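A short write-up of the structure that comes next.
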Amino acid sequence: MARHINIENERETALRASVAELADGRPIALPTETVYGLAADATNPAAITRIYETKGRPQFNPLICHMADIAMAERYAVFDPISRKLAEAFWPGPLTLVLPLKPESEIHSLATAGLDTVGIRVPQGFAGDLIRRFGKPLAAPSANSSGKISPTSATHVEADLGSKINLILDGGAAAVGVESTIVKVEEDGRVRLLRPGGIVTEEIERVAGVRLERPKKAAAAIEAPGMLASHYAPGATVRLGATSVLPDEALIRFGGIAISGEETARIILDLSPSGDLAEAAANLFDYLKAADASGADTIAITAIPPHGLGEAINDRLSRAAAPRG
Ligand code: TXA
Ligand code: MG
């Protein structure tokens, strides 16, 4: 079991213990407003390697580098005018911008997977304060074993990685519950949505003043099923768009709407009885884990509205339902 420190009650202890671990090149689990991250010094190759080892990630993917503020981000990356507007509007917050790396940047190539760009995000609250105290960016993927559901509580992290890390900072349930929205502004001014997430696409479009180009996911899924990488995968099979439940299935529904057969479901979880998509996003990963833990072979999930945060929720659900690799 890892040491747990509550960031509200023991903030200063948490900051000191974190800086000590990070300075020694060890990853720590820390709360962000989206999901819990497994964070390490983004300039230290041994520390970054330990992130991959701890997650059991087979290959090196680019990691998001977390910064304290725009000024810190400017030390490592080049901002075009649209990215700057987005940073000013949404940081600190659940937006990741993919930006060209400055040539002299100290971010290690293991964090960027050798790309000449870097994904940067400025998290809210404790994580931002920790980065300011540590003085260097933190590379942090979600704090879960590769392919598993992202953690939204310290309990989730402990159950998965507690034996592999020394320190878990406990900030309670993550407020947003899905990962950051990832956006990249291309040289020709096109703005691409690389991953829907905690900031609603329409809000980004309003600030950017242009439509976002979305990944052609549906087409890709038909052309090449492998492209819809299985991710966020519970142990049980996931059945989307359910309009009825079979005996012994677990049910995740939305908006307080009962569906046929639910009396015999193993467990009934409603992401938001009042139909609030922000509440649904915050409950999503916890409910997927709870449905999985019910022992059901299949988790039936009713349709979730596609707009607003529903875009990110449906993205994570289709990955959870994708064929396992
Ligand atoms: O909310 C979040 O974003 C959470 C918390 C911990 O901050 N982090 C997170 O990290 O979701 P991760 O490692 O699960 O997702 C990182 C994704 C990669 O899969 C990759 O697609 C994208 O960010 N990414 C990072 N750097 C990139 C780059 N230079 N170019 C393109 N995509 C990049
Ligand atoms: Mg992840």
Output the helices (runs of 4 or more DSSP H) that fall wholly within segment 34-98 and possess 2 or more residues being of a type outside the set (Phe, Trp, Tyr) and within 13 Å of ligand 1 (Cβ to nearest atom), or say none.
-> 45-55
Name the residues in segment 41-59 that are under 20 Å from Ser163 (Cα atoms) and touching an Asp or Glu at 6+ places or on another chain (Cβ under 9 Å), would you?
-> Ala47, Ile48
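Residue by residue, here is whether (1) crowded, with 22+ Cβ neighbours inside 10 Å; (2) closer than 25 Å to Leu193 by Cβ; (3) over 21 Å from the mean Cα position of the chain (by Cα) holds:
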{"site": "Leu269", "(1), (2), (3)": "no, no, yes"}
{"site": "Ser272", "(1), (2), (3)": "no, yes, no"}
{"site": "Leu288", "(1), (2), (3)": "yes, yes, no"}
{"site": "Ala291", "(1), (2), (3)": "yes, no, no"}
{"site": "Asp297", "(1), (2), (3)": "no, no, yes"}
{"site": "Ile301", "(1), (2), (3)": "yes, yes, no"}
{"site": "Pro305", "(1), (2), (3)": "no, yes, no"}
{"site": "Gly310", "(1), (2), (3)": "no, yes, no"}
Show the residue pairs that are 6+ apart or on different chains and have beta-carbon atoms under 6 Å apart, the first residue being within segment 172-185 and open to solvent by less than 10 Å² (accessible area, probe 1.4 Å), the second being charged (D, E, K, R) and within 8 Å of ligand 1 (Cβ to nearest atom).
-> Ser180/Arg121
What pairs can you find where one residue is in segment 117-130 and within 16 Å of ligand 2 (Cβ to nearest atom), the other is assigned to a strand (DSSP E or B) and hydrophobic (A, V, I, L, M, F, W, C), and their Cβ atoms are less than 6 Å apart, with a gap of 6+ or different chains?
-> Gly119/Ile64; Gly119/Val98; Arg121/Ile64; Ala127/Leu30
Members of segment 135-145 that are more than 10 Å from ligand 1 (Cβ to nearest atom) and either open to solvent by less than 30 Å² (accessible area, probe 1.4 Å) or small (Gly, Ala, Ser) (or both) | Gly135, Pro137, Ser145
Hey, among Ile120, Ile165, which residue is open to solvent by less than 30 Å² (accessible area, probe 1.4 Å), part of a loop (DSSP other than H, G, I, E, B) and modelled with pLDDT of 95 or more?
-> Ile165
What pairs can you find where one residue is in segment 307-321 and closer than 12 Å to Pro234 by Cα and modelled with pLDDT under 95, the other is open to solvent by 30 Å² or more (accessible area, probe 1.4 Å) and outside any helix (DSSP H, G or I), and their Cβ atoms are less than 6 Å apart, with a gap of 6+ or different chains?
-> Arg319/His231; Ala321/Leu240
Show the residue pairs that are 6+ apart or on different chains and have beta-carbon atoms under 7 Å apart, the first residue being within segment 57-82 and open to solvent by 70 Å² or more (accessible area, probe 1.4 Å), the second being within 16 Å of ligand 2 (Cβ to nearest atom).
-> Pro58/Ser146; Phe60/Tyr52; Phe60/Ala113; Pro62/Ala113; Pro62/Gly119
Residue pairs qualifying under the 6 Å Cβ cut-off, at least six apart or on distinct chains, with the first in segment 225-238 being within 17 Å of Ala312 (Cα to Cα) and at pLDDT 60 or above and the second being within 16 Å of ligand 2 (Cβ to nearest atom) and open to solvent by 40 Å² or more (accessible area, probe 1.4 Å), are Ser230/Gly325; His231/Arg319; Tyr232/Arg319
Subset tally (residues that are surrounded by fewer than 23 Cβ atoms within 10 Å (Cβ to Cβ) and over 18 Å from Gln124 (Cα atoms)) for segment 20-38 | 6
Taking segment 263-296 and keeping residues within 15 Å of Arg239 (Cα to Cα) and among the acidic types (Asp, Glu) leaves Asp292
Would you check which residues across segment 146-157 are of a type in the set (S, T, N, Q) and either away from ligand 1 (no atom under 11 Å from the Cβ) or not in a loop (DSSP other than H, G, I, E, B) (or both) and list them?
-> Ser153, Thr155
If we keep only residues of segment 23-33 that are within 15 Å of ligand 1 (Cβ to nearest atom) and not acidic (Asp, Glu), then the residue nearest to the chain's Cα centre (by Cα) is Thr32
Residues of segment 108-117 being surrounded by fewer than 16 Cβ atoms within 10 Å (Cβ to Cβ) and small (Gly, Ala, Ser), which ones?
-> Ser109, Ala113, Gly114
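The values are calculated or read from the model by the stated rules, or taken from the named source; none is laboratory data. Keep in mind the model is a prediction, meaning the values are calculated, not measured. Please note: Cβ atoms are built from the backbone with ideal geometry, for glycine as well, and neighbour counts cover all protein chains shown. The area values use the complete protein model at the heavy-atom level, side chains included, leaving out ligands, DNA and RNA. Shrake-Rupley method; radii C 1.70, N 1.55, O 1.52, S 1.80 Å.
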